[in-house]
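Note sheet for the following structure.
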Amino acid sequence: MIFCYDGSWNGLLSVIFESFRLQTHATKIVPTEVFQPGLFEAPITIATDEGHAKRVLKGVEKKCGKNGVDLIYQCFLSELPEIEIKIYHFVRTAMSATENVLHNYRDETVLALHKIKKMIGREVHRMHAFVRFQETKDGMLVALINPDFNVLPLSGKHFVDRYPALHWLIYDTKRHYGWHYDQHQSRFITLTERQHEYLAADLLTDSETDYQALWQSYFKKTDIPERRNMKLHLQHVPKRYWKFLVEKWEG
Amino acid sequence: MNNRIQEKLEILADAAKYDVSCSSSGSKRKNTKDGLGNATGMGICHTYTQDGRCVSLLKILLTNHCIFDCAYCVSRRSNDVKRAAFTVQEVVDLTINFYKRNYIEGLFLSSGIFKDVDYTMERLVRIAKRLRLEHKFNGYIHLKAIPGASDELIHEAGLYADRLSVNLEIPSEMSLKKVAPEKDYASAYKPMNYLSETITGHKEEKKTIRSTPNFAPAGQSTQLVIGATPETDKNILELAGDLYQEQKLKRVYYSGYIPISDDHRLPALREAPLRRENRLYQADWLLRFYGFKVDEIVDDENPHLDPELDPKMGYALRHPEHFPIDVNKADYEWILRIPGVGVKSAKKIINARRFGQLRREHLKKIGVIWKRAKYFIISADRDFINLGFNPEVIRQQILYTGKRKKDPNQLDLFGNPLAPIPLIPTTPPPAGLSSPKIRTA
């Protein structure tokens with residue numbers, strides 16, 4: 001059976017709920033907007049139901065604990081093709097097993113999900129490391145990102161803990177939404193106009209470029225040319241992140 | 001104004017870069033509602049230098065003026081370099097502004113000795129104090145504890161800093177006397193011992209009285225310069241082992257000596273002993289995370305680590321009597337000792353085997369480096385490759401099969417022939433012990 005859903009997390013959980021209720025097996029779960037009908041396939045479209053979603057999560061938590069819920073949620077954010085069906089298989093296996101399958105690394109789905117979670121974790125860590133704030137004229141700190149996976153929901157709390165007294169925004173230019181924090185609370189926001197991958201110079205406070213220049217010189221001077229190892233450098237700081245890394249800007 | 005700061009920053013970052021420590025981990029400093037920053041257990045490398053070292057902290061000297069003349073140090077009195085000094089406020093401003101832009105995890109502040117030791121130490125402490133009290137800065141602070149500073153100043157430093165370090169630099173007192181006649185081990189061990197006692201004391205007290213203030217919650221570390229003096233790896237690892245045991249150090253850093261000095265008291269090395277440095281880090285990892293003892297890694301017959309093999313492989317080949325190890329039965333400690341199995345794989349093995357016997361395929365998927373592990377493992381397949389366990393044969397197999405990288409001694413057609421051979425991370429992650437990327441020849 002092929003299921004279509006709205007592409008949201010609760011949507012996927014609603015599909016899983018329905019598959020249990022209908023006592024049928026899903027062969028494919030895809031967001032409606034990417035579904036391409038085949039010849040003999042008639043998909044069932046499932047409407048998102050928060051109540052159903054909650055019940056699925058409750059079931060997973062009972063069987064695998066909070067870590068089990070974290071695992072499937074984080075994997076969902078990977079946006080990888082066919083991630084839905086992997087999560088579906090995991091929930092099926094977890095619900096039918098008598099013991100907690102979370103660490104059954106002999107199982108291919110379990111192992112695959114753990115590998116994906118590791119990739120997600122790495123990307124979150126990279127956001128913690130590579131986010132670079134620039135101060136605007138009105139004192140807000142703004143950082144632009146476009147991570148490989150949709151990790152903004154997993155990345156913001158770190159900055160709330162770190163900068164509770166500052167006003168900041170981390171904006172995903174690829175997915176067009178950001179985490180905004182105003183010294184009191186966090187909100188997800190979407191700018192009305194499409195945000196470019198750079199901030200216009202006239203937005204920034206005067207001292208901003210000074211500090212950027214200082215950071216660039218620091219970066220240059222802390223290098224030890226006798227030990228140069230660009231391969232290792234690139235492995236740690238992949239080129240796709242350079243456009244947001246002040247120290248890697250030219251000039 | 002900015003130009004002046006820029007020049008100072010360039011001089012004082014350049015002078016600080018040979019201290020390889022850049023860790024920001026191991027502390028637990030929570031933020032306050034109106035504060036700036038925190039230091040969680042996990043460190044963050046915000047960027048990496050072009051030589052692949054982590055940049056986590058703003059690592060600078062307060063000044064590179066120095067009354068001492070240590071041969072291994074760029075800032076030594078007799079060296080003709082540009083000198084500069086930051087004011088207290090300048091360091092504070094840089095730290096705060098870098099931190100809030102998420103460039104750094106905090107500050108690593110060291111200094112040349114100007115006037116006298118206490119005068120210098122007092123300045124370092126004042127910076128940390130101002131950051132903590134006036135700016136409510138809760139990010140990471142690493143301060144140098146300068147040998148010879150008074151206990152009172154060292155104590156105050158511990159109240160504001162997350163980590164303190166006293167660098168021994170030269171791995172034996174005899175050699176130290178030769179290259180730095182004004183220094184001795186006693187004056188370095190004095191603050192180290194003071195710190196180790198006070199850290200332990202505070203930890204104990206904190207167990208019963210929760211309001212006990214933090215005292216260097218990320219512990220203390222030190223650095224040893226490798227290759228500038230004739231100590232063997234055995235000497236170095238024994239010293240490190242003692243420092244972990246006796247002084248309860250969190251980290252010992254090994255810094256391959258870079259010929260920054262034409263001082264006649266030091267050897268003229270063509271390039272930094274990077275591979276040796278890497279092997280020492282691997283051995284260090286075995287001491288701290290794999291339950292190895294120093295004498296299992298090096299002994300009188302093998303006073304140096306094998307440059308071609310990682311030290312765990314070296315151990316396994318010297319001790320065929322312990323292998324093969326049955327991954328479905330053996331204790332965790334023994335699974336950890338299998339070459340090609342890291343801490344993470346070992347834990348996964350222990351978890352996964354509760355669900356059934358592990359076969360070779362499971363192990364490969366879990367992340368065991370089969371190429372290295374296969375000689376030492378029994379899995380449910382019972383396909384242990386029995387080569388009569390001839391260590392020499394296994395050694396050859398590991399060195400000469402699979403992906404052979406080109407001879408590192410061969411000059412690169414387009415590369416700079418004087419540039420050092422690119423090698424592996426200076427601070428390899430635990431998994432690095434079994435990483436297939438490790439150069440084997």
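Taken together, the values in this text are just the output of simple stated rules run on the coordinates, not laboratory data. Predicted, not measured: the structure shown is a model, and the values here were computed from it. Reconstructed Cβ throughout: ideal geometry from the backbone, glycine too, with neighbour counts over all protein chains shown.
State the percent of C-alpha pairs, over all pairs in segment B:2-272, separated by a distance greater than 32 angstrom. For segment B:2-272, the fraction of Cα-Cα distances above 32 Å is 19 percent. Charges only on Cβ, +1 for Lys and Arg, -1 for Asp and Glu: so what's the dipole of segment A:113-251 about the Cα centre, in debye to the nearest 20? Here segment A:113-251 has a charge dipole of around 1000 debye.
Helix B:151-160 and the longest principal axis of the C-alpha atoms of chain B enclose an angle of approximately 70°.
Take every pair of alpha-carbon atoms less than 8 Å apart whose residues are at least six positions apart; their mean separation over the length of chain A yields a relative contact order of 13 percent.
Highest GNM mean-square fluctuation among A:SER207, A:SER78, A:SER19, for chain A modelled with Cα contacts below 10 Å: A:SER207. Near the amide H of B:ASN38, within less than 5 Å, lie the amide hydrogens of B:GLY139, all on another chain or at least 5 residues away, with H placed in the peptide plane. Of the chymotrypsin sites (Phe, Trp or Tyr not before Pro) in segment A:117-224, the ones in a loop by DSSP (not H, G, I, E or B) with at most 14 other beta carbons within 10 Å are A:TYR198. Under a Gaussian network description of chain A, with springs only between Cα atoms under 10 Å, the residue in A:PRO37, A:PRO81, A:PRO153 that fluctuates furthest is A:PRO37.
In percent, rounded to a whole number, the relative contact order of segment B:166-237 is 50, using alpha-carbon pairs under 8 Å and six or more apart. Across segment A:145-150, rounded Karplus estimates of 3J(HN,Hα) from the backbone phi angles (6.51 cos²θ - 1.76 cosθ + 1.60, θ = phi - 60°) give 9, 8, x, 4, 10, 7 Hz, Gly and Pro being marked x. Computed from backbone phi with θ = phi - 60° and the Karplus coefficients 6.51, -1.76 and 1.60, the 3J(HN,Hα) list for segment A:97-110 is 7, 7, 10, 5, 8, 3, 10, 7, 6, 6, 7, 5, 5, 4 Hz; x is used for glycine and proline. If you plug the beta carbon distance of A:ARG175 and B:ASP116 into 1/(1 + (r/R0)^6) with R0 = 60 Å, you get a FRET efficiency near 0.55.
Rounded to 0.05, the FRET efficiency of the B:THR232 and A:SER8 pair, given R0 = 60 Å and the Cβ-Cβ distance, is 0.45. Of the trypsin sites (Lys or Arg not before Pro) found in segment B:3-82, those in coil by DSSP whose Cβ has at most 12 other Cβ atoms within 10 Å are B:LYS28, B:LYS30, B:LYS33, B:LYS82. Highest-first packing order for the peptide set A:10-18, A:229-237 is A:10-18, A:229-237, based on the mean count of other beta carbon atoms within 10 Å.
Straight-line reach from B:LYS178: which aspartates and glutamates fall under 17 Å, measuring Cα to Cα and dropping same-chain residues less than 8 apart? The reachable aspartates and glutamates, counting only those whose Cα sits under 17 Å from B:LYS178, are B:ASP69, B:GLU169, B:GLU231, B:ASP262, B:ASP263.
The calculated FRET efficiency for the pair A:MET95 and A:VAL34, based on their C-beta separation and a Förster distance of 35 Å, comes to about 0.80. Stokes-Einstein diffusion for segment B:30-73, with the hydrodynamic radius set to the Kirkwood value over Cα pairs and evaluated at 37 °C in a medium of 0.692 mPa s, equals 231 µm²/s.
Spin-label model, B:LYS347 to A:SER207: label points 7 Å out along the Cα-to-beta-carbon direction sit 4.2 nm apart.
For segment A:54-109, relative contact order (Cα pairs under 8 Å, six or more residues apart, normalised by length) works out to 36 percent.
Taking chain B as a Gaussian network of alpha-carbon nodes connected by springs under 10 Å, the highest mean-square fluctuation of the residues B:ASN102, B:ASN351, B:ASN193 belongs to B:ASN351. Mean per-residue shielding of peptide A:110-121 is 1, counting Cβ atoms of other chains within 10 Å of each Cβ. Each stretch of four or more DSSP H residues adds -39500 (n - 2.57); spread over every residue of chain B, this sum gives -10500 deg cm²/dmol at 222 nm. Dividing the radius of gyration of the alpha carbons in the protein assembly as shown by their Kirkwood radius gives 0.98 for Rg/Rh. Cysteine residues of the protein assembly as shown whose Cβ has no partner cysteine Cβ closer than 4.7 Å: A:CYS4, A:CYS64, A:CYS75, B:CYS22, B:CYS66. Counting Cβ atoms of other protein chains within 10 Å of each residue's Cβ and taking the mean over peptide A:96-108 gives 4. Note on segment A:174-196 and segment B:1-76: Cα centroid distance 33 Å, given to the nearest whole angstrom. A simple spin-label model places the labels of B:ASP326 and B:HIS264 6.7 nm from each other, with each point 7 Å out along Cα-to-Cβ.
3J(HN,Hα) along segment A:196-208: 6, 7, 9, 9, 4, 4, 6, 6, 8, 6, 4, 6, 4 Hz, from the Karplus curve 6.51 cos²θ - 1.76 cosθ + 1.60 with θ = phi - 60°, whole Hz, x for Gly and Pro.
Loop-resident trypsin sites (Lys or Arg not before Pro) (DSSP state other than H, G, I, E or B) in segment B:300-366 with no more than 12 further Cβ atoms inside 10 Å of their Cβ: B:LYS329. Take each residue of peptide A:131-143, count the partner chain Cβ atoms within 10 Å of its Cβ, and average: the result is 2.
In this label model, B:PHE68 and B:VAL81 are separated by 1.4 nm, measuring between points 7 Å along each Cα→Cβ vector. Residues whose amide H comes within less than 5 Å of that of B:THR47, counting only those at least five positions distant or on another chain, are B:VAL55 (H built at 1.01 Å from N in the peptide plane). Expressed to the nearest 5 percent, the antiparallel share of DSSP beta bridges inside the protein assembly as shown is 35 percent. Between the residues A:TRP215, A:GLY178, A:LEU166, the greatest Cα displacement towards the positive end of the dipole of the protein assembly as shown, with unit charges on the Cβ of Lys, Arg, Asp and Glu, is found for A:GLY178.
For A:TYR177, the residues 5 or more places off, or on other chains, whose built amide H falls under 5 Å of its own are A:ASP172. Across segment B:78-147, Cα-Cα pairs farther apart than 15 Å form 55% of the total.
Each helix, a run of at least 4 DSSP H residues, gives -39500 (n - 2.57); summed and divided by the residues of chain A, these come to -14500 deg cm²/dmol at 222 nm.
Charge dipole of segment B:2-272 (Cα centre as origin; +1 on each Lys and Arg Cβ, -1 on each Asp and Glu Cβ, all else neutral): 1000 debye, rounded to the nearest 20.
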